[in-house]
Amino acid sequence: MITYAEVLTKIISTLTGRPVGAEIQPEDHEDMEIMILDYIEQLKVSSSGSSLREAHASATAGANCNLIWNSAFSDSFYTPVINGFDASGNPVEISLISKSTTKLVVRTLVDASLSALALPFDNSQL
């Protein structure tokens, strides 16, 4: 991963960090520009794959309920947060049955309205 600090250091060393009177070398300028473009592309990729997902459903007591994500994940490396409330507004216990790229399957002990949020995480760091 290229960091902002690395890009800034490269820009400074290429443009203003060279000895007084020394010309900017074309290969150094090209390396700097490529690093900037790589950094921008890295940000684009990471932000497009990390948007918040949501799912909503009504659960029937004792039956499996599908919480289908508004946008599928590219893999199953995400962390969901699930909330549910009965008709009186009381929180309900939710059991996670399974998790896939497109949905969660859960079960409740009472009829409930469910909502889930999730963010993908970078599995390359595992």
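The values are calculated or read from the model by the stated rules, or taken from the named source; none is laboratory data. Keep in mind that what you see is a predicted model, and the values were worked out from it rather than measured. Virtual Cβ from ideal backbone geometry, glycine too; neighbours counted across all protein chains shown. When the accessible area is computed, the model is the full protein with side chains, heavy atoms only, and any ligands, DNA or RNA have been set aside. Shrake-Rupley method; radii C 1.70, N 1.55, O 1.52, S 1.80 Å.
So here's what we get for this one:
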| item | result |
| --- | --- |
| Options 44, 10: the member that is more than 18 Å from the chain's Cα centre (by Cα) and either of a type in the set (D, E, K, R) or on the phi > 0 side of the Ramachandran plot (or both) | 10 |
| Residue tally, condition in a loop (DSSP other than H, G, I, E, B), farther than 29 Å from residue 6 by Cβ and of a type in the set (Asp, Glu), over the range 35-92 | 1 |
| Subset of the range 18-64 [over 30 Å from residue 94 (Cα atoms) and open to solvent by less than 50 Å² (accessible area, probe 1.4 Å)] | 22, 32, 35, 36, 39, 42 |
